[in-house]
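Trainee: After the C-alpha cells below, expect a handful of questions from me.
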Ligand code: UDP
C-alpha cells in the first residue's frame, strides 16, 4: 500500500464459543474483509481448526487464546457449548470466558495494522473494558434477532407477565398491539416475575456492557423486523445495525457430499423433501426423537434428517423401513446449501436464529418445533408474525412439552401439501426475495454495514472530517 493510502481498518472479532455464534461472525468477517478491512478472529485452540479451514481462502487471521482451565462446573477439555450439558454448565462456562481478558488484550497489543474496532459477542461483556483500554469502539453482536431481543427486554423492563401465575396464560406485549405471549415463550429463569440467580446476574452484566457499547450488530434485515428494530433503537439501545442474512456471505461448498445426491434424486423423481434439523445446541430427548420419527414415517413425505452424532437405538429399524424416501445423516450437513437445493420444500426446525434466516434465504417454509433459548419466540415470529411457517404444538395448549407423533404427522402433511403450507410457501418466497434485496448493492443490510465502516473510518480519522 502506498504512503498516501489511508491506513487499513483492523477489526478484532471475538465470537462466543458456540457454533450458532461463531458461524454468523465468520460470515461477517468475510464481508468486512471484502471491503478491504483487516480482520482478526479470536477463539481457542479446540475451536480454531474448523474456523481456519472455513477461512482458508481468505487473509483473515485467527488467534488462539488459552481457554481457562480447572473452572468448577466446566468439564475438562470442553471449549464449545455444543459439548456441554447446557442447563447445568452454561453459566460456569460463560463466566469462565472472562478469564480470557488478559490474553485477549496482550494479543490486541500485537495487531498489525493496529486495532480500530472490537466486534464482540454480547456474551463477552469484558471486551468493553478492552475496547476502553485501547480507546477503540466496541460493537456487540447478538446471536438473536430483533423480535426476540426486543420481546426479552420489554418483558424485563415492563413486566407485562407479572400478574400471570400460569405459565401458559397469554398477556399482551406493551407497545405491540396484537402480540400476545405467554411466560412459556421465554426461557426460565427470565420468565419469572422477579428473575434471579447466576444466569440472570451473568446476563445483566452482559447487557450493561452492551448498553455502553457503540452499537449492536444483528443478523437480520430491516424490512423483516422493522417495528422491533425501531422499538429497540428508540427505547432500548444501543443502535441496531441490521446486516443480514449473513449466510448470504457463506462460500460455496468445496465438495459435494453424498446426501446431496439424495436431494438430486428426489428432485428428479418430483418428490419434495423435508429437511429436518435441530441445530447444534438443543438436547432433544429420546422420547421426542421417537415421536418425530413415527410422525415422519406416517407422513409419507421424503426427508433428510440431520442428527447430532449420538444415536438412539430405535432409529436403526426406522432407517431401514423408510430408506426409500428418507435418510438420516449423523454429523454435519452444509445446511445453507441444503436449504438452497431446489428439491428441499420444507424445513422442520428448532428455530435457532441462524436456521430461521437460512430458511428465509433459501425460501423454504418452516415447520417450527422450538426447544430452548429464544427459539419459542423465533417460532412465534415465523408462524404468527411473518406467516412463513406453521407450528407443531405440544398437547394441551402450552408452547412447551412433548410434541406427539400424530401432531408431527399432521403438521408435516400440512406444511408439505396443505393449504396453510402453500400460503406459508408463498409468503416465504416473497420474504426470501426481500432478504436477497437486502444484501445486494444498495440494499438495507449493505447500507448498514457500509455505514458502520464509514463511522469507523471517521473515528479513526481516516476520512477527512467536514
Ligand atoms: N449447522 C450446519 N450443519 C449441521 C448443523 C448445524 O450447517 O449439521 C449450522 C446451521 O446452518 C446454523 C448453525 O449451525 O448456521 C446452527 O445455528 P442455529 O442458530 O440455527 O442453532 P443453534 O445450534 O445455535 O441452536
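Trainee: Restricting to the range 384-409, name every residue that is crowded, with 18+ Cβ neighbours inside 10 Å and free of Cβ contacts under 8 Å to residues at least 24 places away in the same chain.
Mentor: The answer is 393, and nothing else.
Trainee: Which residue pairs have Cβ atoms closer than 8 Å, lie 6 or more positions apart in sequence or on different chains, and pair a first residue in the range 144-160 that is more than 16 Å from residue 195 (Cβ to Cβ) with a second residue that is assigned to a helix (DSSP H, G or I) and modelled with pLDDT under 95?
Mentor: none
Trainee: For the range 336-361, give me each residue that is part of a helix (DSSP H, G or I) and farther than 17 Å from residue 219 by Cα.
Mentor: Looking only at the range 336-361, we keep the residues that are part of a helix (DSSP H, G or I), and these are 336-340, 353-361.
337, 338, 339, 340 - these are the residues of the range 336-361 that are part of a helix (DSSP H, G or I) and farther than 17 Å from residue 219 by Cα.
Trainee: Just checking, how many residues over the range 356-377 are under 21 Å from residue 404 (Cα atoms), within 9 Å of the ligand (Cβ to nearest atom) and buried (at least 24 other Cβ atoms within 10 Å of the Cβ)?
Mentor: 1
Trainee: Let me ask another. Hey, among the residues in the range 301-316 that are in contact with a helix residue (DSSP H, G or I) (Cβ under 8 Å, 6 or more places away or on another chain) and more than 16 Å from residue 333 (Cβ to Cβ), which one's modelled with the highest pLDDT?
Mentor: Selected residue: 301.
Trainee: Residue 134 fails exactly one of the following numbered conditions: (1) modelled with pLDDT under 95; (2) more than 20 Å from the chain's Cα centre (by Cα). What is the number of that condition?
Mentor: Looking at each condition in turn, residue 134 falls short on (1).
Trainee: Just the residues that are in contact with a strand residue (DSSP E or B) (Cβ under 6 Å, 6 or more places away or on another chain) and surrounded by 15 or more Cβ atoms within 10 Å (Cβ to Cβ), please, taken from the range 293-316.
Mentor: 296, 301, 302, 303, 304, 305, 306, 307 - these are the residues of the range 293-316 that are in contact with a strand residue (DSSP E or B) (Cβ under 6 Å, 6 or more places away or on another chain) and surrounded by 15 or more Cβ atoms within 10 Å (Cβ to Cβ).
Trainee: Run residue 220 past the list (1) in contact with a strand residue (DSSP E or B) (Cβ under 7 Å, 6 or more places away or on another chain); (2) crowded, with 20+ Cβ neighbours inside 10 Å; (3) within 15 Å of residue 121 (Cα to Cα) and report the number of the one that doesn't hold.
Mentor: So the condition that residue 220 fails would be (3).
Trainee: All but one of (1) near the ligand (Cβ under 8 Å from one of its atoms); (2) part of a helix (DSSP H, G or I); (3) surrounded by fewer than 18 Cβ atoms within 10 Å (Cβ to Cβ) hold for residue 290; state the number of the condition that does not hold.
Mentor: Failed condition: (1).
Trainee: When you check residue 31 against the structure, is it within 16 Å of the ligand (Cβ to nearest atom), touching a residue at least 40 places away in the same chain (Cβ under 8 Å) and in contact with a strand residue (DSSP E or B) (Cβ under 7 Å, 6 or more places away or on another chain), yes or no?
Mentor: Numbers: within 16 Å of the ligand (Cβ to nearest atom): yes; touching a residue at least 40 places away in the same chain (Cβ under 8 Å): yes; in contact with a strand residue (DSSP E or B) (Cβ under 7 Å, 6 or more places away or on another chain): no.
It is false that residue 31 is within 16 Å of the ligand (Cβ to nearest atom), touching a residue at least 40 places away in the same chain (Cβ under 8 Å) and in contact with a strand residue (DSSP E or B) (Cβ under 7 Å, 6 or more places away or on another chain).
Trainee: Out of everything in the range 324-352 that is within 12 Å of the ligand (Cβ to nearest atom) and over 22 Å from residue 253 (Cβ atoms), what residue ends up being farthest from the chain's Cα centre (by Cα)?
Mentor: Per the criteria, the residue is 350.
Trainee: Right, something else. Does residue 416 satisfy the criteria of being in contact with a helix residue (DSSP H, G or I) (Cβ under 8 Å, 6 or more places away or on another chain), away from the ligand (no atom under 16 Å from the Cβ) and free of Cβ contacts under 8 Å to residues at least 40 places away in the same chain? I'd like the intermediate steps shown before the answer.
Mentor: On the way: in contact with a helix residue (DSSP H, G or I) (Cβ under 8 Å, 6 or more places away or on another chain): yes; away from the ligand (no atom under 16 Å from the Cβ): yes; free of Cβ contacts under 8 Å to residues at least 40 places away in the same chain: no.
For residue 416, the condition - in contact with a helix residue (DSSP H, G or I) (Cβ under 8 Å, 6 or more places away or on another chain), away from the ligand (no atom under 16 Å from the Cβ) and free of Cβ contacts under 8 Å to residues at least 40 places away in the same chain - is not met.
Trainee: Give the number of residues within the range 260-287 that are out of contact with any strand residue (DSSP E or B) (no Cβ under 9 Å at 6 or more places or on another chain), free of Cβ contacts under 8 Å to residues at least 24 places away in the same chain and assigned to a helix (DSSP H, G or I).
Mentor: Residues meeting the conditions: 3.
Trainee: Shifting gears a bit: Given the structure, is residue 319 in a helix (DSSP H, G or I), touching a strand residue (DSSP E or B) at 6+ places or on another chain (Cβ under 6 Å) and more than 11 Å from the ligand (Cβ to nearest atom)?
Mentor: On the way: in a helix (DSSP H, G or I): yes; touching a strand residue (DSSP E or B) at 6+ places or on another chain (Cβ under 6 Å): yes; more than 11 Å from the ligand (Cβ to nearest atom): yes.
Answer is yes for this residue.
Trainee: Does residue 144 qualify as being touching a helix residue (DSSP H, G or I) at 6+ places or on another chain (Cβ under 7 Å), at pLDDT 95 or above, assigned to a helix (DSSP H, G or I) and under 24 Å from residue 246 (Cα atoms)? Outline the logic, then answer.
Mentor: Working: touching a helix residue (DSSP H, G or I) at 6+ places or on another chain (Cβ under 7 Å): yes; at pLDDT 95 or above: yes; assigned to a helix (DSSP H, G or I): no; under 24 Å from residue 246 (Cα atoms): yes.
For residue 144, the condition - touching a helix residue (DSSP H, G or I) at 6+ places or on another chain (Cβ under 7 Å), at pLDDT 95 or above, assigned to a helix (DSSP H, G or I) and under 24 Å from residue 246 (Cα atoms) - is not met.
Trainee: Out of all the residues in the range 74-124, which are surrounded by 15 or more Cβ atoms within 10 Å (Cβ to Cβ), in a loop (DSSP other than H, G, I, E, B) and touching a residue at least 40 places away in the same chain (Cβ under 8 Å)?
Mentor: 79, 80, 111, 114, 115, 116, 122, 123, 124
Trainee: Of all the residues that make up the range 331-346, how many are more than 15 Å from residue 262 (Cα to Cα) and surrounded by fewer than 17 Cβ atoms within 10 Å (Cβ to Cβ)?
Mentor: Narrowing the range 331-346 to residues more than 15 Å from residue 262 (Cα to Cα): 331-332, 336, 346.
When the remaining residues are screened for being surrounded by fewer than 17 Cβ atoms within 10 Å (Cβ to Cβ), the result is 331-332.
So the answer is 2.
The values are calculated or read from the model by the stated rules, or taken from the named source; none is laboratory data. Predicted, not measured: the structure shown is a model, and the values here were computed from it. Using ideal geometry, Cβ is built from the backbone for each residue, glycine included, and neighbour counts are taken over all protein chains shown.
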